[in-house]
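The values are calculated or read from the model by the stated rules, or taken from the named source; none is laboratory data. Keep in mind that this is a model prediction, so the values were computed, not measured. FYI the Cβ positions are ideal-geometry reconstructions off the backbone, even for glycines, and counts take in every protein chain you see. The accessibility values were calculated without ligands, DNA or RNA, using every heavy atom of the protein model including side chains. Shrake-Rupley method; radii C 1.70, N 1.55, O 1.52, S 1.80 Å.
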Amino acid sequence: MKRTASAHWQGGLKDGKGTVSTQSGVLDEQQYSFGTRFEDGKGTNPEELIGAAHAGCFSMALSMVLGEHDMVADSIDTKATVHLEEQDDGFAVPKIHLELRAKIPGADVDKFLEAAEAAKENCPISKLFKAEITLDAKLES
């Protein structure tokens, strides 16, 4: 299985602008720029898109792992915070923090935390990154 996305850029770094699109058409020439990445400009940016991909992948993986433990979630809500930092050799993403809130009727907290950790380690997007991936998991009733 292969999925594609594309980017188009025109101009210099600070005065240029670009668009990103996905194969599915969900993103179709969505604007991004220096301002949307490093300031508060209107549009998207690569880190935001990575965060969405990681949160979605993790949530699906957690659903799978929970099912292996005979648990089914009423809801799984994941927020991914992607840290973009300037380092000596340029910008890098050294860390992604996952914040998980789940409602799972009758769940055992220890099994839930074990499943969340397994999903964090094994979802395909987690495996993609060389960055440290942290997780804040809480079970809500």
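Short-range pairs are left out: with C-alpha atoms under 8 Å and at least six residues apart, the relative contact order of the chain is 18 percent.
Computed over protein heavy atoms with a 1.4 Å probe, the accessible surface of region 20-98 works out to 60 Å² per residue. As a size descriptor, the averaged projected area of the C-alpha convex hull of region 7-111 was calculated at 9.2 nm². Dipole magnitude for the chain: computed about the Cα centre from +1 point charges on Lys and Arg Cβ and -1 point charges on Asp and Glu Cβ, it is near 460 debye. Cross-link pairs exceeding 18 Å in C-alpha to C-alpha distance, out of LYS17/LYS79; LYS95/LYS120; LYS95/LYS127; LYS17/LYS95, comprise LYS17/LYS79; LYS17/LYS95. Summing charges over all other residues whose Cβ lies under 10 Å from the Cβ of ILE76, with Lys and Arg as +1 and Asp and Glu as -1, gives 0. In this structure the amide hydrogen of ALA73, modeled in the peptide plane, comes within under 5 Å of no amide hydrogen from residues 5 or more places off or on another chain.
All C-alpha to C-alpha distances of region 74-141, sorted into 5 Å bins beginning at zero, yield P(r) values of 4, 15, 24, 21, 14, 10, 5, 3, 2, 0 percent in whole numbers.
Positive end of the dipole of the chain (Cβ unit charges, origin at the Cα centre): among ILE96, GLN23, LEU49, the Cα lying farthest that way belongs to GLN23.
Projecting the Cα atoms of ALA116, GLY35, GLY67 onto the dipole axis of the chain, where Lys and Arg carry +1 and Asp and Glu carry -1 at the beta carbon, places GLY35 farthest toward the positive end. Surface composition of the chain: carbon and sulfur make up 50 percent of the accessible area, probe 1.4 Å. Only DSSP H runs of four or more residues enter the estimate; each adds -39500 (n - 2.57), and after division by the residues of the chain the mean residue ellipticity at 222 nm equals -10500 deg cm²/dmol.
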